Amino acid sequence: MRVVAAMSGGVDSAVAAARAVEAGHDVTGIHLALSRNPKSYRSGARGCCTIEDANDARRAADVIGIPFYVWDLSDRFHDDVVEDFLDEYAAGRTPNPCLRCNEKIKFAAVLERALALGYDAVATGHYAQLRAGPDGDIEMHRALDHGKDQSYVLGVLDQHQLAHSLFPLGGSTKPDVRAEAARRGLLVADKPDSHDICFVADGDHAGWLREKLGDQAPNSGGPIIDDATGEELGRHEGTYGFTIGQRKGLRIGRPAPDGKPRFVLDIEPVSGTVTVGPRERLAVHRLRGVRPRWCGGAPSRMRGTVQLRAHGGELPATVSVLDEFVEIELHEPAFGIAPGQAAVVYDGTRVVGSATIAVTE
């Protein structure tokens, strides 16, 4: 097959590209330029959108012996990922930009361009496994290394996208990948993994949102209210600086009446009110998801598990699909679940699909 290998400049994508070559594919390496001004995104080894990363990817391609190009997708990334992130926070929700990037950029824009250029598949360094299903479809399963498993952020992929995807690292552990990179002479073998959101330059989400939202911010501050008493415990500078379940950085000026730690329970962006309360008030038993995306056929009703955070565990659940909605009944409570996050549904290790959380009960 003719394969495009998306190379971020990290160790995982470099080894994935090398393995695709070793498997006999005709591979071309590409690096995605996602920032209109690379210096405005992360710097150093923390991100995946820097000039240094592009140079690391190019050097890895030279070692592997494959052609290498940079594809500029900065405008589409800004429109589909960055603007979506801003809109969601302005509405009091907590988005996951990595899912949106996989859905809109890596396995939509990149795949569309690759297919148009005559390529057959896109290979990435994601940790997930693809298997042939009993009905001839493509199933996506958790990676062998559950500590590195990235199937959660790939739960937005459909059958067309899965049929044109390669995940060469799904059956490996991260230490094995680093050791292989060293054996291959790849200089990124010991490069640290990227963390946080690639387009927030210094990791200060609230400061970045304040700067970027500007006059579009839904409010310029408001009260922090105790859920039990209605008492104002403090003030804040904008609801976009909070997420459901947050404990640190609340700047509560006086202790809560019962002396218990307070967590964010609700965010009301129009009035600017942030409601806080004890942890037990964060318990969620039911979810409603919107904009479902299914890796295969949509189930009508099933018992399985759901993952509600990129680095969270699975919870047993009953999932019901009603037209364009997904109702999820959790068999044990989850805590601090925010609208805007993704609920990814699993049947064992198989990824069934994903939905965006709209309502929690």
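Key figures for this structure:
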| quantity | calculated |
| --- | --- |
| Lysines with Cα under 26 Å of Lys248, excluding same-chain neighbours fewer than 8 positions away | Lys212, Lys260 |
| Spherically averaged projected area of segment 101-243 from its Cα convex hull (nm²) | 14.4 |
| Relative contact order computed over segment 302-346 (Cα-Cα under 8 Å; 6+ residues apart), in percent | 43 |
| Kirkwood-based shape ratio for segment 218-277, expressed as Rg/Rh from alpha carbons | 0.92 |
| For Ser74, Ser320, order by how many other beta-carbon atoms lie within 10 Å, fewest first | Ser320, Ser74 |
| Segment 135-215 shape via C-alpha gyration tensor axes, a/c threshold 1.5 | oblate |
| Cα centroid separation - segment 271-286 against segment 65-96, whole Å | 30 |
| Relative contact order of the chain, defined on C-alpha pairs under 8 angstrom at six or more residues apart (%) | 16 |
| Exposure proxy order (Cβ contacts within 10 Å, fewest to most) of Leu115, Leu99 | Leu115, Leu99 |
| Exposure proxy ranking, count of Cβ atoms within 10 Å, fewest first, for Ile337, Ile252, Ile51 | Ile51, Ile252, Ile337 |
| Relative contact order [Cα under 8 Å, 6+ residues apart], segment 282-360, whole percent | 42 |
| Mean residue ellipticity (222 nm) of the chain, computed from DSSP H runs ≥ 4 via -39,500 (n - 2.57), nearest 500 | -5500 deg cm²/dmol |
| Average projection area in nm² (convex hull over Cα atoms of segment 216-361, one quarter of hull surface) | 9.6 |
| Charge-dipole axis of segment 274-361 as Lys and Arg at +1 and Asp and Glu at -1 on Cβ define it, positive-most pick from Tyr346, Val274, Ser320 | Val274 |
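No lab work stands behind these numbers, since they all come straight from the coordinates. No experiment lies behind these values; they were computed from the predicted model shown. Virtual Cβ from ideal backbone geometry, glycine too; neighbours counted across all protein chains shown.
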